[in-house]
Every structure is written in C-alpha cells, then in structure tokens.
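The structure appears right after this line, and notes come after that.
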Amino acid sequence: MADNYLERKMEELRNAPRTNRSARPASSAAGTMPRAGRITFPMPRKRVLIAGINGGLLSELISAFSKTDCRVALFSSDRATGETMAYDSGIRFHHTDTENHQDITAEFRSLLKAWRGVDMVICGSELDSTLAREWRVHLDSFPFPDSYGSRMITLSDDETLPGKGAAGDIARTILFLTSPANCFPDGAEIIADGCSILRFRHI
C-alpha cells in the first residue's frame, strides 16, 4: 500500500506544471539579497597594518576597516593620536619612529609574531621598501596557502597633479583595492583624489 502511495505521488509531481525557477533572484556571495540599484561585495575579516599615514585619511581608513570588522594595527610616531585612536576604535597601536627603518623593522616583526602574519599593508612611500622587504622574508619563511594574496598599497603625493579630493574618497578607493572584489590590477598606479597616487601590488 505504501508503495502505491509513493508511486501516485511521484506521478503527480511529474505531471504538475513546472514553475519558473529562474525568476528567483540569486543570492550574493555574502549570502544576502542585494538591493536593487546597489552594488555589494563581501569583505572578509583581515589583518590590516596602516603605517606612516596621518591626518584625516588615517581617521577615514581606521573607520572604514573597523566597520568591516578587520583587525587594524597602526604604526605612528604621534603617540597622543595613536593612543586616542586605539582607545576609541579598539585598534592595535605601535608607537614607532617612522623615520627610523630599524625601528619599523623591529615593530613589524613584533606584529607579525603577534598576529602570525598580516593580509594588507597600507603605508606612505617612505616605508614601502622596508615593509615590503620584511614582509617578503616572513612570507618565504611561512608559505601558507592564501587565495586572497598579500596586498600592499603605497600612498604618495604628486604636487604636479591638479586638484585635491576628500580623505573619504581615498579611503573608499583603498577599501575597494583591498577587497576580494579586486584582484587583477597588480602593479597598478591609481590617482585617487587628483594628486594622491595609490600603488597597488601583491607581495
């Protein structure tokens, strides 16, 4: 009797009109439904080092990455500002002489040991070579598989370029460059606000 019941049900399902399954909207990569007219992308929790960045851009960067639940470390020679930001935002602050490359190297090694690596470095051009070299040594020593890739963004100013945009514009550009939605333009230089140049590359 049970066999007959199952056979009848299967026959009903076969003969039932098919629904248009394609009408159901696809979910986003983050598992949520995107709103109409809005572009969204997932931002995984990553370890971010900000070094040698000051002023309004620093505040915008810390705010942007903190909102995505990333872990943020700051290397700065401005103790008062760094401690205030650490207290307000919960970031990790390293009081560092950013003009002393030995100090930068020592603090970076300390951070790499504490966090067992970093995923992103955002720094001024004067710190680029020191941090990149030390980071490369660390990655060669601990070659863990990583589909995301270690991303470095170097910020420099060109006074010959016209215009000056808002710090928020630069921060949003950096946030996109460090997101999984961007992985292609390795080695690219992008003018973010009319005079600031962002150099993006994988280490």
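The values are calculated or read from the model by the stated rules, or taken from the named source; none is laboratory data. Computed from a predicted model, the values in this text were never measured in an experiment. Neighbour counts run over all protein chains shown; Cβ positions are idealised from the backbone, glycine included. SASA here: full protein model, heavy atoms, side chains in, ligands and nucleic acids out. Shrake-Rupley method; radii C 1.70, N 1.55, O 1.52, S 1.80 Å.
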Item to check | Residue order for 11, 107 - accessible surface, 1.4 angstrom probe, largest first | outcome: 11, 107
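Check each of the trypsin sites (Lys or Arg not before Pro) in segment 100-141 and keep only those in coil by DSSP with at most 15 other C-beta atoms within 10 angstrom; list them in order.
Values: sites: 109, 113, 116, 133, 136; in loops: 116.
Sites meeting the loop and neighbour criteria: 116.
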Checklist entry - Which FRET efficiency value, to the nearest 0.05, is calculated for residue 88 and residue 157 with the Förster distance at 22 angstrom and r the Cβ-Cβ distance? => result 0.25
Item to check | segment 33-132, relative contact order in percent, only Cα pairs under 8 angstrom and at least six apart counted | outcome: 32
